[in-house]
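Engineer: Here it is, the structure in full.
The values are calculated or read from the model by the stated rules, or taken from the named source; none is laboratory data. Predicted model, so just to flag it, every value in this text is computed and none were measured. Every residue, glycine as well, gets a Cβ built from its backbone with ideal geometry; the counts of neighbours run over all protein chains shown. Surface accessibility is based on the protein's heavy atoms, side chains included, excluding ligands, DNA and RNA. Shrake-Rupley method; radii C 1.70, N 1.55, O 1.52, S 1.80 Å.
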Amino acid sequence: MDKVNTSPLHGIWALTNRDLKKWYKVPFIFLMSLIQPFIWLALFGKAMNITALFTGSAFNIPGLNIPKEVVNQIGKQIMLQTFGTQDYFSYLAVGMLTFISIFTAMFSGMSIVWDRRLGFLDKVLSTPVARGAIPMAKVISTVIRALAQAAIVLLLAALLGMDISHITPAGLLGSFLALLLLIVGFASLFVTLAIRSTSWEAQMAVMNLLNLPILFASNAMFPVNYMPTWLQTIAKINPISYAADICRQLLLASPGMSDLSFGFTYLAAFAATLSTLGIILSWRYLSK
Amino acid sequence: MPPKVVEAHNLTKIFNKKVKAVDNVNLEIEQGETFGLLGPNGAGKSTMINMLTTILKPSSGTAKVCGYDIIREAAEVRRSIGVVHQEYTADEDLTGLDNILLCAALYGIPSSTAKQRAWELLELVELKEAAKRKVETYSGGMRRRLELACGLISRPTLLFLDEPTLGLDVQTRVAVWNYIKRLKEEYGMTIFMTTHYLEEADAICDRVAIIDHGKILKIGSPNELKSGLGGDIIEISVNTDKLDLTTLIREIKGVKEVKKADALYRIKAERGEEVAPAVIEAMRSRGLTVSKLSMIKPTLDEVYLEYTGRSLRAEQASEEEMMALRRTLHKARG
Ligand SMILES: Nc1ncnc2c1ncn2[C@@H]1O[C@H](COP(=O)(O)OP(=O)(O)OP(=O)(O)O)[C@@H](O)[C@H]1O
Ligand SMILES: [Mg+2]
């Protein structure tokens, strides 16, 4: 017999690499996955020019002759107190980092449904690869893709005028660590939801149903403080809020809604719970 | 006695508590054998393969594959077998070479060995030129050959082939079988296959089993099964209608049964090609001439018909339609 690798982890990298190849070797899909956050940034971020509402010529009370500098100063304070930064674009840009992460994580479920439908999963199951390697590889490839996409979104945002004066290497590293934890958690969740399913329509429906609500029920687009109480409660347990909050603290030097160590602990617990649960459940299911 | 590569005892699979896809199957396959499982659509062939390849857990019964229990030692089973599924399972977005290397990695084959073997196999299945092209540009025949190469990358002791020539044209089918025969000689593999093409099973398999509704109806070498039907049928016309030659013919060695209809005699014989000359000789020694002679050798088609009550011919059309559908599905995704 030839020498073969029989460790339970063998094959994970091969499966991960396969998913990554499909991604970077098909430029169309690669570009498509960036278009949505780009549109959001360019249109939403720029069109909803909340900053302009409070500053400059837009803000003028007839009858009162308030000096322009005072108006601007008030505007800045309002922005700073609401968004923790002086322009909404920067606020939203950081939110977009979490958006692209969640969006990519949701697609991990889709890709496992296709693997099953096209028989690829059956092939993998007839090889000596450990069952757990299959969901793990999906999560790892999703993390790599999502982080790469988040980096590109950040770059685009910087080009479009995001405030980059507070960015430090350590801040970047911390932000991406927070995003990583967020992606691990959500990718595990969606892989687990998808592993029994053969219907990509159902998967698509789940994605469509969830993607906007979980985003809006967080501070990704708008600060939590101004939400109705019930929504605040949801937003405050939503891990997206913590990831976005950490990124804003580290990239924009905003005052956060919670301190960094609590945010990281919360995200780490989220990632650990869902990935462990996901891998155990899919392992058991795939061994049937 | 050669060791048993497959031993199944009362293997049963019930889907959704009612569909008995495989029903109490007992089966033994020896090392080096080429074993064919024949049966109509939905007979349970793929389910049988899926259980033996550990993709599905049996509802009851046990089986050993390459000496390992398919439930308790599933990982060892998977390490000793190669599987070519009924569907195309290669990743369309990757190249042929990448697909083979991926399979190799899944078997834990170190990458230097994998590369060398991959090129050997690509040469063998004549995909060397297309190796660096994406699989989505491959024809059906090329895909099948790629699947074969993937199934062989781990040099398995036992190779499962689920309808390896389904949907292929005649030339490609012949080519695929030639590869399989060569591989078998080269690696001394045992082969467990299913097919819809009975002529193929006849030409290739050492033993076949006919399965329907999950039950094995008949098992044996193609020749045994064919002669089990009563042998070849010889029909002769003799230029006399006065004499009854029935008893005379019956005494000829090898003749099993004779029926007379006017001047036409219908003879069942074990080996028609030896009996026919003897019959002509016997007639001539009586001064009679045989004016017409025809011989029908039963094929597996007749055997199949006898046991399943269905002819395979009628099913092939729909099978081809299904393949077309599958390909559309593949395309839809790109
Ligand atoms: N996952 C499943 N769930 C429910 N029923 C199934 C499942 N897989 C197979 N069956 C049923 O089990 C029976 C046997 O199916 P199987 O695929 O083994 O047939 P087959 O002999 O391979 O047919 P074909 O020649 O069409 O490939 C069929 O009635 C089929 O509908
Ligand atoms: Mg089948």
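Engineer: Using the heavy atoms of the protein chains and a 1.4 angstrom probe, tell me the accessible area per residue for the protein assembly as shown in square angstrom.
Structural biologist: About 45 Å² of surface per residue is accessible.
Engineer: Related question: Quick one: how many lysine pairs in chain A have C-alpha atoms under 24 angstrom apart, if they're 8 or more apart or on different chains?
Structural biologist: Summing the qualifying lysine pairs gives 13.
Engineer: Continuing with the same structure: Interface A/B, total buried accessible area with a 1.4 Å probe, nearest 100 Å²?
Structural biologist: Roughly 2800 Å².
Engineer: Report, to the nearest whole %, how much of the accessible area of segment A:129-288 belongs to carbon and sulfur atoms, 1.4 Å probe, protein only.
Structural biologist: 74 percent
Engineer: Got a sec? Which residues of segment B:99-125 lose 50 Å² or more of accessible surface with every protein chain in place, vs. that chain alone, 1.4 Å probe?
Structural biologist: At a threshold of 50 Å² (probe 1.4 Å), the residues of segment B:99-125 that become less exposed are B:LEU102, B:LEU106, B:TYR107, B:GLY108.
Engineer: On to the next question. For the protein assembly as shown, with only Lys/Arg (+1) and Asp/Glu (-1) charged at the beta-carbon, what is the dipole magnitude about the Cα centre, in debye rounded to 20?
Structural biologist: In total the dipole reaches around 700 debye.
Engineer: With all protein chains present, how much of the accessible area of segment B:185-232 (probe radius 1.4 Å) comes from carbon and sulfur, to the nearest whole percent?
Structural biologist: 46 percent
Engineer: Quick one: which of B:LYS226/B:LYS268; B:LYS226/B:LYS256; B:LYS134/B:LYS181 span more than 20 angstrom between C-alpha atoms?
Structural biologist: B:LYS134/B:LYS181
Engineer: With unit charges on the beta carbon (Lys/Arg positive, Asp/Glu negative), name the residue among B:ASN10, B:HIS196, B:ILE216 whose Cα is farthest towards the positive pole of the charge dipole of chain B.
Structural biologist: Highest projection toward the positive end goes to B:ASN10.
Engineer: Mind pulling the angle between the C-alpha long axis of helix A:12-24 and the longest principal axis of chain A? Nearest 10 degrees, somewhere in 0 to 90.
Structural biologist: Tilt relative to chain A: about 50 degrees.
Engineer: Evaluate chain B: find the radius of gyration of its Cα atoms, find its Kirkwood radius, and give the ratio Rg to Rh.
Structural biologist: 1.08
Engineer: Then there's this: So what's the angle, to the nearest 10 degrees on a 0 to 90 scale, between helix A:239-252 and the longest Cα principal axis of chain A?
Structural biologist: Approximately 50 degrees, to the nearest ten.
Engineer: Starting from the eigenvalues of the Cα gyration tensor, five times each then square-rooted, give me the equivalent ellipsoid semi-axes of the protein assembly as shown, largest first, whole Å.
Structural biologist: 71, 22, 21
Engineer: Give, rounded to the nearest 20 debye, the magnitude of the charge dipole that segment B:103-183 has about its Cα centre when Lys and Arg contribute +1 at Cβ and Asp and Glu contribute -1 at Cβ.
Structural biologist: My answer is approximately 200 debye.
Engineer: A further question follows. Charges on Cβ only, +1 for Lys and Arg, -1 for Asp and Glu, centred on the Cα centroid of chain B; of B:GLY228, B:LEU52, B:TYR179, which one is farthest towards the dipole's positive end?
Structural biologist: B:LEU52
Engineer: Just tell me, in residue order, which DSSP H segments of chain B are both 24 angstrom or longer along the helix axis (alpha-carbon based) and at least -1.0 in mean Kyte-Doolittle hydropathy.
Structural biologist: Qualifying helices, which must be both long enough and hydrophobic enough, are B:170-187.
Engineer: Please list, or write none, the aspartates and glutamates whose alpha carbon is within less than 18 Å of the alpha carbon of B:LYS259, excluding same-chain residues fewer than 8 places away.
Structural biologist: B:ASP232, B:GLU235, B:ASP241, B:ASP244, B:GLU251, B:GLU270
Engineer: Pairing the Cα long axis of helix A:169-194 with the longest principal axis of chain A, what angle in degrees results, from 0 to 90 and rounded to the nearest 10?
Structural biologist: Orientation of helix A:169-194: about 50 degrees from the principal axis.
Engineer: Now for a separate question. Check chain B for me: any Cys whose beta-carbon has no other cysteine beta-carbon within less than 4.7 Å?
Structural biologist: So, B:CYS66, B:CYS205.
Engineer: Answer with one residue from B:ILE296, B:ILE267, B:PRO164: the one whose Cα lies farthest towards the positive end of the charge dipole of chain B, charges on Cβ with Lys, Arg +1 and Asp, Glu -1.
Structural biologist: Positive-most Cα among the choices belongs to B:PRO164.
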